[in-house]
Amino acid sequence: MSMVSTAEQGMTGYNYGYLDEQTKRMIRRALLKAVAIPGYQVPFGGREMPMPYGWGTGGVQITAAIIGTSDTLKVIDQGADDTTNAVSIREFFKSVADARTTEKTLEASIIQTRHRIPETPLENGQILVYQVPIPEPLRFIEPRETETRKMHALEEYGIMHVKLYEDIARFGHIATSYAYPVCVDERYIMDPSPIPKFDNPKMDEMEALQLFGAGREKRIYAIPPYTKVRSLDFDDHPFEVQRWDDCCAICGSTHTFLDEVVMDDDGNHMFVCSDTDFCQQQVAKNQVVQESFS
Amino acid sequence: MINPSMNIDMETPLLSVRELTMLYAPGKGFTNVSFDLFPGEVLGIVGESGSGKSTLLKSLSGRQNPDSGEVLYVRGSGDQQLSQLADLYKMAESERRQLLRTEWGVVHQHPMDGLRARVSAGGNIGERLMAVGERNYGEIRAVASKWLSDVEIPTDRIDDMPTTFSGGMQQRLQIARNLVTSPKLIFMDEPTGGLDVSVQAKLLDLLRRLVTELNLAVVIVTHDLAVARLLAHRLMVMRRSEVVEMGLTDQVLDDPQHPYTQLLVSSVLQN
């Protein structure tokens, strides 16, 4: 993340990293505050980005503010490196920040993500940037921002459990399967963005720095490395993650988050890893093992 | 059930109001209100529209900062050592809000103002329990179910939305939601307004029973003198931001002293 001042880098006519230096500075200030108060939503002056809201404008602004020439960027969307949104954002930073890019989780210094945390455990020094649509976990029940801010300030979080209560009353179990509320560092209740609750345990004591950017709502929040992140639950209905009866049809993994893929009009389907990079690693490993046996 | 206020000292007031004033504009609000409220006592506030009844109730219940004066409340358990006198508007906002959802309750005139429309009846009752740290689904549900039957709502409607309830049921649900943490003091703003007379009568019966069983102290605002006579031990008559008369309910209604109270009492339709 070294500072770069040379104007000739990146696309001509744009400042390095697309955003102007004053904006980057403002975002970095917000990031510092967010890291200092884990889980607290820091307002920031979100800029117009060359993409519509909902496509990751918050995440892109954070990445633009922290990226430097020494960084390697990986972008995933629903776990995959090759989906439209992931490809466009990667290309964007290639052209405006001369960024080196990768699809390998461990090679990346910055990983911008939508909807997933990579299956490969992240390491100290890496940064995970989340794209967040609705940063306020209390919003569904309390529409007033003045009131939700007060609820956060005074730690009045009983209402979050009402949501989980409603789930159990209606479905017999906690049916919330994504954007599952967490308590960060035993203080702030936080929406972990629409990642599946399968990924919630990965946030706890994660070695990497986690940054969250909501472009439309203009909020930034963060979880510093090695921070306690607890998923909310009831004593008699403890937090559980999704499980599948199948394994990945490509790599055979049994402990990853699987996507159901419909194969044809006859309703044939298969389950595959949503993390494409992890899936390929597993396939490569399996080949090595097979070759050693032959 | 254990009566939470069993060992409360009946000699010391639960709530002491001293020269409380809050005016939005001259004549709009209330001035110089002082009274003591004892455990288990029901105080009625009557008066014409715009006389400051509701504003007074808001200030008493910590939802509207007064211009001057103080609201003193005996916090904590009935044990003399543990309880302490606290000024409502000098304590931290977090403490005040904590008080409001544990030891106090507020029943609004329109039940949907006090209920969460998109949360089931059970969730509405359970909210206060979860807010004070209850984390066992089974227990929350059992308590919610018990309270539904206590306020005469069929327990099989526990998962229905309050919007599907009738007005009277919504009002009873709102009362249950407030009583679930065994509060000591309840504020009610026209709890029977907008209900037809037979439903009103049932609700009043229910309120009378709960007040006696739980030894609740209640401040009730109403413009219905019949409701006041039925529920209130003491009555406060307000007019143009001022308390014009105060005394035992029967005394005020049967032998009104102030000309306005005389007018008020004589205006009631006689059968």
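The values are calculated or read from the model by the stated rules, or taken from the named source; none is laboratory data. Given the structure is predicted, the values throughout are model-derived calculations rather than measurements. Here Cβ is always computed from backbone atoms with ideal geometry, including for glycine, and neighbour counts include all displayed protein chains. The protein model used for the area step is the full one, side chains on, heavy atoms only, and it has no ligands, DNA or RNA in it. Shrake-Rupley method; radii C 1.70, N 1.55, O 1.52, S 1.80 Å.
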When region B:195-244 is checked residue by residue, the ones that are of a type in the set (Lys, Arg) and at positive phi are B:ARG240
When A:THR176 is run through (1) of a type in the set (Ser, Thr, Tyr); (2) modelled with pLDDT of 95 or more; (3) touching a Leu at 6+ places or on another chain (Cβ under 8 Å), the failure sits at (2)
Note on region B:199-226: residues open to solvent by less than 10 Å² (accessible area, probe 1.4 Å), within 15 Å of B:PHE187 (Cβ to Cβ) and not hydroxyl-bearing (Ser, Thr, Tyr) are B:LEU207, B:LEU210, B:LEU216, B:ALA217, B:VAL218, B:VAL219, B:ILE220, B:VAL221
Out of (1) over 13 Å from the mean Cα position of the chain (by Cα); (2) open to solvent by 10 Å² or more (accessible area, probe 1.4 Å), the one A:ARG114 does not meet is (1)
Inside region A:154-212, the number of residues satisfying the requirement of being part of a strand (DSSP E or B) and within 14 Å of chain B (Cβ to nearest Cβ) is 2
Those strands (runs of 3 or more DSSP E) completely within region A:223-279 that have 2 or more residues that are farther than 26 Å from A:GLU186 by Cβ and open to solvent by 20 Å² or more (accessible area, probe 1.4 Å) are A:258-262, A:269-273
By residue number, the members of region B:120-162 that are of a type in the set (Gly, Ala, Ser), at the interface with chain A (Cβ under 8 Å from one of its Cβ atoms), open to solvent by less than 10 Å² (accessible area, probe 1.4 Å) and free of Cβ contacts under 8 Å to residues at least 40 places away in the same chain are B:GLY122, B:GLY123
Restrict the check to region B:96-109 and report whether at least one residue is open to solvent by less than 60 Å² (accessible area, probe 1.4 Å), under 26 Å from A:GLU166 (Cα atoms), within 13 Å of another protein chain (Cβ to nearest Cβ) and among the aliphatic types (A, V, I, L, M). yes
Per the filter on region A:74-99, residues assigned to a helix (DSSP H, G or I), within 16 Å of the chain's Cα centre (by Cα) and of a type in the set (Asp, Glu) are none
Within region A:137-153, the count of residues that are part of a loop (DSSP other than H, G, I, E, B), touching a strand residue (DSSP E or B) at 6+ places or on another chain (Cβ under 8 Å) and open to solvent by 10 Å² or more (accessible area, probe 1.4 Å) comes to 1
Filtering region A:51-100 down to residues that are out of contact with any Ser or Thr (no Cβ under 7 Å at 6 or more places or on another chain) and open to solvent by 20 Å² or more (accessible area, probe 1.4 Å) yields A:PRO52, A:TYR53, A:GLY54, A:TRP55, A:THR83, A:THR84, A:VAL87, A:SER88, A:GLU91, A:PHE92, A:SER95
Taking region B:14-35 and keeping residues part of a strand (DSSP E or B), in contact with a strand residue (DSSP E or B) (Cβ under 8 Å, 6 or more places away or on another chain) and not hydroxyl-bearing (Ser, Thr, Tyr) leaves B:LEU15, B:VAL17, B:ARG18, B:GLU19, B:LEU20, B:MET22, B:LEU23, B:GLY29, B:PHE30, B:ASN32, B:VAL33, B:PHE35
In region B:27-41, anything in contact with a Ser or Thr (Cβ under 9 Å, 6 or more places away or on another chain) and under 22 Å from B:ASP250 (Cα atoms) is listed as B:VAL33, B:SER34, B:PHE35, B:ASP36, B:LEU37, B:PHE38, B:PRO39, B:GLY40
Within region A:81-103, the residues that are touching a residue at least 40 places away in the same chain (Cβ under 8 Å) and either under 21 Å from A:THR227 (Cα atoms) or in contact with an Asp or Glu (Cβ under 6 Å, 6 or more places away or on another chain) (or both) are A:ASP81, A:GLU103
Quick check, is A:THR120 assigned to a helix (DSSP H, G or I) and polar (S, T, N, Q)?
no
If we keep only residues of region B:110-119 that are within 11 Å of chain A (Cβ to nearest Cβ) and among the hydrophobic types (A, V, I, L, M, F, W, C), then the residue surrounded by the fewest Cβ atoms within 10 Å (Cβ to Cβ) is B:ALA117
